[in-house]
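Heads up: the structure comes next, in structure tokens.
The values are calculated or read from the model by the stated rules, or taken from the named source; none is laboratory data. Keep in mind the model is a prediction, meaning the values are calculated, not measured. Here the Cβ is made from the backbone with ideal geometry for all residues, glycine too, and neighbour counts use every protein chain on show.
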């Protein structure tokens, strides 16, 4: 006798095999790139010509999407080569971190001048607007928060924070009135009233919250998550990977996962603090800001605290471009650590205080 449940499980297992094989390939490639990057002396990144070339290449690739990009889920954000796709915004985020680290390092003594806040904001805005026009609202938000986070660690004054907050509010108002698509507005409205349209715009968030809650303390076991196996939970391998994980591993598994993230973030900060100059320090903090934002936004939308924006969870969501860029970012930091200076703790503390 035909069973919808059996058919759904078989489809899940078939897709799971494809996802596993590809993700394993991405993972091995990422680890290899990380190891190779760790053996390179990256002091050449302090060169203005190199940084400008990297930023120009990123802008060119983002612009080329409007001509050669592949449309998926309503956004023209991907280059497709054979059976693989690549999203250039992932590497553009790393390049933006390098650019801002370079900019703030050269102007560290004058960072409280609002002129540098505006100039750095222009660099980020170029990337922001190109990503927003794809339209990829989630990645555009990440770009803005990445810039804002690096501005904070670079030593901005509190009055400038108020200026940025006001400008951000005005920008959101303009985006709502002239830029946001209907489905993006629906996601935000659903965030305010998540149960108002559970069969429409609020379906994804509602099913995600069910999956997280059904995991309880110990979870249902690996491969026994009904929300993902029966395909009630959409995009369980990408946007809602945290909900699928929480359903199968439960509260205990989530605590362990968050502990692993904190460990990674702390190790990145530790490497950054051992950098030879403020450039390495700011780059490391930029990587932490990027990973933290991605994690917070993804987990927030999985548990119903933030709108659904399609932001991947670092090192977990299915996909090659974001996973490779994450390992490259770590490889760059490890490479910078290879020429780190031996430094006394009291001197290190003074430098850190001056940056923060």
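Here residue 35 meets the list (1) under 23 Å from the mean Cα position of the chain (by Cα); (2) under 17 Å from residue 91 (Cβ atoms); (3) in contact (Cβ under 8 Å) with a residue 12 or more places away in the chain almost entirely, failing just condition (2). Whenever a residue of the range 57-78 is at negative phi, its partners that are surrounded by fewer than 19 Cβ atoms within 10 Å (Cβ to Cβ) and assigned to a strand (DSSP E or B), lying with C-beta atoms within less than 6 angstrom and at least six residues away or across chains, give the pairs 65/76; 69/76; 70/80; 78/70; 78/72; 78/85.
Here is a yes/no grid of residues against (1) surrounded by 12 or more Cβ atoms within 10 Å (Cβ to Cβ); (2) touching a strand residue (DSSP E or B) at 6+ places or on another chain (Cβ under 8 Å); (3) under 20 Å from residue 321 (Cα atoms); (4) at pLDDT 90 or above:
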{"position": "42", "(1), (2), (3), (4)": "yes, no, no, no"}
{"position": "45", "(1), (2), (3), (4)": "yes, no, no, no"}
{"position": "54", "(1), (2), (3), (4)": "yes, no, yes, yes"}
{"position": "67", "(1), (2), (3), (4)": "no, no, yes, no"}
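Cβ-Cβ distances below 6 Å connect no pair with a first residue in the range 255-281 that is under 16 Å from residue 327 (Cα atoms), a second residue that is at pLDDT 95 or above, and a separation of six or more residues or different chains. Taken residue by residue, the range 236-243 has no member that is on the phi < 0 side of the Ramachandran plot, modelled with pLDDT of 85 or more and more than 21 Å from the chain's Cα centre (by Cα).
So, residue 256, is that one modelled with pLDDT of 80 or more and under 17 Å from the mean Cα position of the chain (by Cα) or not? Outline the logic, then answer.
On the way: modelled with pLDDT of 80 or more: yes; under 17 Å from the mean Cα position of the chain (by Cα): no.
No: the conditions fail for residue 256.
Does at least one position in the range 153-170 carry a residue that is at pLDDT 80 or above, part of a helix (DSSP H, G or I) and surrounded by 13 or more Cβ atoms within 10 Å (Cβ to Cβ)? Yes, that holds for at least one residue.
Every condition in (1) in a helix (DSSP H, G or I); (2) surrounded by 14 or more Cβ atoms within 10 Å (Cβ to Cβ); (3) modelled with pLDDT of 75 or more holds for residue 233 except the one numbered (1).
For residue 161, the conditions (1) farther than 16 Å from residue 104 by Cα; (2) in contact with a helix residue (DSSP H, G or I) (Cβ under 7 Å, 6 or more places away or on another chain) are fulfilled apart from (2).
Considering 54, 100, 62, which residue is under 18 Å from the mean Cα position of the chain (by Cα) and over 28 Å from residue 235 (Cβ atoms)?
Working: 54 fails: under 18 Å from the mean Cα position of the chain (by Cα); 62 fails: over 28 Å from residue 235 (Cβ atoms).
The match here is 100.
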